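Inspection log for the structure reproduced underneath, given as structure tokens.
None of the figures in this text is laboratory data; all of them are computed from the coordinates on show. No experiment lies behind these values; they were computed from the predicted model shown. Positions of Cβ are generated from backbone atoms using ideal geometry, with glycine treated the same way; all protein chains shown enter the neighbour counts.
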Amino acid sequence: EAAVTQSPRNKVTVTGGNVTLSCRQTNSHNYMYWYRQDTGHGLRLIHYSYGAGNLQIGDVPDGYKATRTTQEDFFLLLELASPSQTSLYFCASSDLGISNERLFFGHGTKLSVL
Amino acid sequence: GQGVEQPAKLMSVEGTFARVNCTYSTSGFNGLSWYQQREGQAPVFLSYVVLDGLKDSGHFSTFLSRSNGYSYLLLTELQIKDSASYLCAVRGGSNYNVLYFGSGTKLTVEP
């Protein structure tokens, strides 16, 4: 079974703080994604990547940076965290249409910005 | 734009059935997926449909009508443990490597 691991599981920071969320996949998938999930909004795409060094903008990118350092590792950076970024963040990997039709999700990171 | 709509809540009774609806309006279409998500957990893939009609997967079935931009997930012989949120996700036409999710339908199965 495909594996996606996120760290940390929980994070609390203050307004203006610097936060990095990490994601590693061992599926050899080309695509990796960062979503945020909020009540009433469902899963919203922040950034995604189709390989090391590549970055694509999603639907809600403001206030977020991302970096794909290797095929396995995808990071989400909040350089000046704000309370509006309090959310549940999911990382996912896939090769949609190539080897499967599904996203494989990590267990999520709960971020609170005070 | 990419619009995927689902009702927020649905209630049903153990042993009966529940139909979770999804409507979409996207620029192009390359398939629709359903995911189950339990409280505080990650979404788990259930089904993928790209052709019109009904796809039977045992405990649940999925229906698609591309001309109407409509799908549903039908769960039969409901059990209490089927209580969860069910997410509909559409693969767009211009970027088929991205899924656009609805806000999810929270299903509560009562005894």
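Quick notes
- Within the shell defined by Cβ-Cβ distances under 15 Å, the residues around A:H41 carry a net charge of -1, with Lys and Arg each +1 and Asp and Glu each -1.
- Averaging 1/r across all pairs of distinct Cα atoms in region B:1-97 and inverting the result yields a Kirkwood radius of 13.9 Å.
- Counted by Cβ distance under 10 Å from A:S87, the other residues give a net charge of +2, where Lys and Arg count +1 and Asp and Glu count -1.
- Debye, to nearest 20: dipole size of chain A, +1 on Lys, Arg Cβ, -1 on Asp, Glu Cβ: 260
- Label-to-label distance, nm, for residues given as B:F17 and A:I57 (7 Å Cα→Cβ offset): 4.6
- The protein assembly as shown - Kirkwood radius from inverse mean 1/r over Cα pairs (Å): 18.0
- Electrostatic dipole magnitude of the protein assembly as shown [Cβ: Lys, Arg +1; Asp, Glu -1; Cα centre; debye, to 20]: 300
- Diagonalising the gyration tensor over the Cα atoms of region A:6-114 and scaling each eigenvalue by 5 before taking the square root yields semi-axes of 23, 14, 12 Å, largest first.
- Net length gained if the chain between B:E5 and B:R66 were fully extended (0.36 nm per residue, minus Cα distance): 20.5 nm
- Shape category assigned to region A:75-114 from the gyration tensor of Cα positions, a/c cut at 1.5: prolate
- Counting Cβ atoms of other protein chains within 10 Å of each Cβ in B:99-107 and taking the mean gives 5.
- Comparing B:G92, B:G58, B:G31 in a Gaussian network model of chain B (Cα springs below 10 Å), the most mobile by mean-square fluctuation is B:G58.
- Reach of B:K106 by Cα under 29 Å, taken over lysines that are not fewer than 8 positions away in the same chain: A:K11, A:K110, B:K9, B:K55, B:K81
- Proxy reagent accessibility, fewest Cβ within 10 Å first, across B:M11, A:M32: B:M11, A:M32
- Applying a DSSP loop filter and a limit of 14 other Cβ atoms within 10 Å to the chymotrypsin sites (Phe, Trp or Tyr not before Pro) in region B:1-32 leaves B:F17.
- Spherically averaged projected area of region A:1-62 from its Cα convex hull (nm²): 5.6
- Taking other residues whose beta carbon is less than 15 angstrom from the beta carbon of A:R9, and scoring Lys, Arg as +1 and Asp, Glu as -1, yields +3.
- Were the residues from A:S82 through A:V14 laid out at 0.36 nm apart, the gain over their Cα-Cα distance would be 23.7 nm.
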